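Undergrad: Provided herewith is a single structure, encoded as structure tokens, for subsequent inquiry.
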Amino acid sequence: MAKSKVLYGLLSFVMIGMSAGAILQFVLFRRMEENTGKFHWKNDADARILRTGLVKQEVISWSPRIFLYHNFLSPEECDYLIAIARPRLGKSTVVDVNTGKGVESKVRTSTSMFLTSAERNYPMIEAIEKRISAYAMIPVENGELLQVLRYEPGQFYRPHHDYFADEFNVKRGGQRVATFLMYLAEGMQGGETFFPWVGEGTCSCGGEEKRGTCIKPHKGDALLFWSQKLDGTVDPTTSHGSCAVLEGEKWSATKWLRQREFS
């Protein structure tokens, strides 16, 4: 009887803690949603870095947590990232769960490149990373190197998870907590970001009607989604993919954020 009471007490404590955490998270994001562009920063330089008054938040889903930030990047920032990446593109890879290394796969057909550690100190890159950190509320040093990707007609990335299933990558800063996906170009057909487990309706994914939620890329917009639940476990409903591009080119940049400082 005594053991049952102790167990019940522990379960109650955990459930109350999780509920309180969920409520706090809701309140924080609600305040961000209502006050986006109205924060009071230390100086005008901070306001410019964070694009105060320009970024507008849209809640895509609360479970899993997915948020769309309109005008997150300026047109100049988008063009700058493309200019850096274009001459250095190579075949995109996926993580091998047995070795933790990147390998080519038919499920991912884009080209991509990673910025270097030195390039993180470039003023425009540094500003983008500070902005990501502020909106995700995760330290800059927890972020992996920024990846820039290009999808040409017919290229895609099948639904997948951003969190790791191998033990090798987790050693370098812990599990991936969240993903910031930024759209750098306009005018393509297809190329939507597809979440098959989000929403109850259907959407157009590369010209095909599929059940789930699709985010249409627009230059300067950014998508933030959390790969972990509030209790710290991975969230399988964050499975997502990049629908096939039908016309034009899709350019995007990805910043993965870890539990701890990334090394």
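Undergrad: What number of residues within the stretch 227-253 satisfy the criterion of being under 19 Å from Ala165 (Cα atoms), of a type in the set (Val, Ile, Thr) and in contact (Cβ under 8 Å) with a residue 12 or more places away in the chain?
TA: Residues flagged as under 19 Å from Ala165 (Cα atoms), of a type in the set (Val, Ile, Thr) and in contact (Cβ under 8 Å) with a residue 12 or more places away in the chain within the stretch 227-253 amount to 3.
Undergrad: Looking for something touching a strand residue (DSSP E or B) at 6+ places or on another chain (Cβ under 9 Å), free of Cβ contacts under 8 Å to residues at least 40 places away in the same chain, more than 20 Å from Trp226 (Cα to Cα) and of a type in the set (A, V, I, L, M) - is there at least one such residue anywhere in the stretch 170-193?
TA: No, the stretch 170-193 contains no residue that is touching a strand residue (DSSP E or B) at 6+ places or on another chain (Cβ under 9 Å), free of Cβ contacts under 8 Å to residues at least 40 places away in the same chain, more than 20 Å from Trp226 (Cα to Cα) and of a type in the set (A, V, I, L, M).
Undergrad: Please note which strands (runs of 3 or more DSSP E) are completely contained in the stretch 164-255 and include at least 1 residues that are at pLDDT 95 or above, hydrophobic (A, V, I, L, M, F, W, C) and in the same structural domain as Glu76 (by TED's automatic domain parsing).
TA: By residue number, 176-183, 193-195, 202-205, 213-215, 222-226, 245-247.
Undergrad: Among Glu200, Glu249, which is acidic (Asp, Glu) and out of contact with any strand residue (DSSP E or B) (no Cβ under 7 Å at 6 or more places or on another chain)?
TA: That would be Glu200, the only listed residue that is acidic (Asp, Glu) and out of contact with any strand residue (DSSP E or B) (no Cβ under 7 Å at 6 or more places or on another chain).
Undergrad: Would you be able to tell me the number of residues in the stretch 65-101 that are among the aliphatic types (A, V, I, L, M) and in contact with a Gly (Cβ under 8 Å, 6 or more places away or on another chain)?
TA: Our first condition is that a residue be among the aliphatic types (A, V, I, L, M); within the stretch 65-101, this holds for 66, 68, 73, 81-85, 89, 94-95, 97.
Checking which are in contact with a Gly (Cβ under 8 Å, 6 or more places away or on another chain) leaves us with 73, 94-95.
Of the residues in that region, 3 qualify.
Undergrad: Let me ask something else. Does Ile128 qualify as being surrounded by fewer than 19 Cβ atoms within 10 Å (Cβ to Cβ) and either free of Cβ contacts under 8 Å to residues at least 12 places away in the same chain or outside any strand (DSSP E or B) (or both)?
TA: The answer is no for Ile128.
Undergrad: Just the residues that are surrounded by 16 or more Cβ atoms within 10 Å (Cβ to Cβ), touching a residue at least 60 places away in the same chain (Cβ under 8 Å) and assigned to a helix (DSSP H, G or I), please, taken from the stretch 42-76.
TA: Ile49, Leu50 - these are the residues of the stretch 42-76 that are surrounded by 16 or more Cβ atoms within 10 Å (Cβ to Cβ), touching a residue at least 60 places away in the same chain (Cβ under 8 Å) and assigned to a helix (DSSP H, G or I).
The values are calculated or read from the model by the stated rules, or taken from the named source; none is laboratory data. Keep in mind that this is a model prediction, so the values were computed, not measured. Quick reminder, even Gly has a Cβ in these numbers, built from the backbone with ideal geometry, and neighbours come from all protein chains shown.
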